[in-house]
1. Which residues, counting only those in the stretch 85-106, are hydroxyl-bearing (Ser, Thr, Tyr) and farther than 16 Å from residue 144 by Cα?
2. Quick one: residue 12 ticks every box in (1) surrounded by 12 or more Cβ atoms within 10 Å (Cβ to Cβ); (2) in a loop (DSSP other than H, G, I, E, B); (3) at pLDDT below 95 except a single one, so which number is it?
3. Could you list all residues from the stretch 126-176 that are small (Gly, Ala, Ser) and either part of a loop (DSSP other than H, G, I, E, B) or closer than 18 Å to residue 191 by Cα (or both)?
4. Scanning the stretch 64-85 for residues that are farther than 19 Å from residue 142 by Cβ and touching an Asp or Glu at 6+ places or on another chain (Cβ under 7 Å), which turns out surrounded by the fewest Cβ atoms within 10 Å (Cβ to Cβ)?
5. Out of all the residues in the stretch 42-72, which are modelled with pLDDT under 85 and closer than 24 Å to residue 188 by Cβ?
6. Would you confirm whether any residue within the stretch 88-103 is more than 17 Å from residue 204 (Cβ to Cβ), assigned to a strand (DSSP E or B), touching a residue at least 24 places away in the same chain (Cβ under 8 Å) and of a type in the set (S, T, N, Q)?
7. Which residue pairs have Cβ atoms closer than 8 Å, lie 6 or more positions apart in sequence or on different chains, and pair a first residue in the stretch 178-199 that is touching a residue at least 60 places away in the same chain (Cβ under 8 Å) and over 23 Å from residue 164 (Cβ atoms) with a second residue that is surrounded by 14 or more Cβ atoms within 10 Å (Cβ to Cβ) and of a type outside the set (Gly, Ala, Ser)?
8. Scan the stretch 177-225 for residues that are surrounded by fewer than 20 Cβ atoms within 10 Å (Cβ to Cβ) and either part of a loop (DSSP other than H, G, I, E, B) or out of contact with any strand residue (DSSP E or B) (no Cβ under 6 Å at 6 or more places or on another chain) (or both) and report the count.
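The values are calculated or read from the model by the stated rules, or taken from the named source; none is laboratory data. Remember, predicted model here, so these are calculated numbers, not experimental data. Note: ideal-geometry Cβ built from the backbone for every residue, glycine included; neighbour counts use all protein chains shown.
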Amino acid sequence: MLQQYCKKTQLIYNEIVSNTRSMSMDELPHNCEAIMEHADPPGLGTSMEKLLDRLRCGVFLDENRQKYWIDGKTGYNCFMVFARDLSITWGNDNRYWNWASFQETSNVFVDIASLTNVCWLEVRGKLDTSNLSPGVKYVVTFVISLKNTANGWNVPVNFELILPDGTKQERKEDFPSKPKGQLLEILVGEFETGREIEGDVKFSLIEINGGLWKSGLVLKGVRIQPKK
């Protein structure tokens, strides 16, 4: 899976180089300079070539709690909000959740959350839309996997997207029908950025009404990227 990921990111990098070869520092992706202040190390670097090198497999922000990259074809901003940057009810209690390291790239590890056993499942997160490219339709997905031993998912799981203007989108997913042991992207919703959409976009994964104890969910994070 990691080899396929690196091959994909290499192709994206090649497209970025091709599409931005003549780009100057005055033609950076939307809000890139402000976003890169959260990188490690912070800042844009001294040349566009070096900046593109940093975007080869994405730039990690805020101590690996988020990842930022630009779409290879359009140059639009994309984000991954990793599990450590989400609000997980009982997430710091190892009776219910455990944390492990996941190798995101050859030299970067991120924290993923593994559900041991919980009745009240509630995961929430947000992202400032000012960091997204304007006038673009975005797709929000939870990136998860289910262990072969996953249990207690008889009741559908609720996914919710709330836009800054209060508009709400809701979906339900049946986990028993999902394949086990592989990364899955579960759609939360879609929205288009613009002046009327300013502030935080909020997303959640919730199952609190079924009364069942659930286990075997592995949570990597939430991906926000342009719709293809």
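1. 89, 96, 105, 106
2. The single condition residue 12 does not satisfy is (2).
3. Result: 130, 133, 135, 152, 166.
4. Filtering first and then ranking leaves 73.
5. The answer is 72, and nothing else.
6. Pass one, the stretch 88-103, residues more than 17 Å from residue 204 (Cβ to Cβ): 92-96, 98-103.
Subsequent filtering for residues that are assigned to a strand (DSSP E or B) retains 98-103.
From what's left, touching a residue at least 24 places away in the same chain (Cβ under 8 Å): 102-103.
Now narrow it down to the ones that are of a type in the set (S, T, N, Q): 103.
Yes, because at least one residue in the stretch 88-103 is more than 17 Å from residue 204 (Cβ to Cβ), assigned to a strand (DSSP E or B), touching a residue at least 24 places away in the same chain (Cβ under 8 Å) and of a type in the set (S, T, N, Q).
7. 183/143; 183/144; 183/220
8. Number of matching residues: 19.
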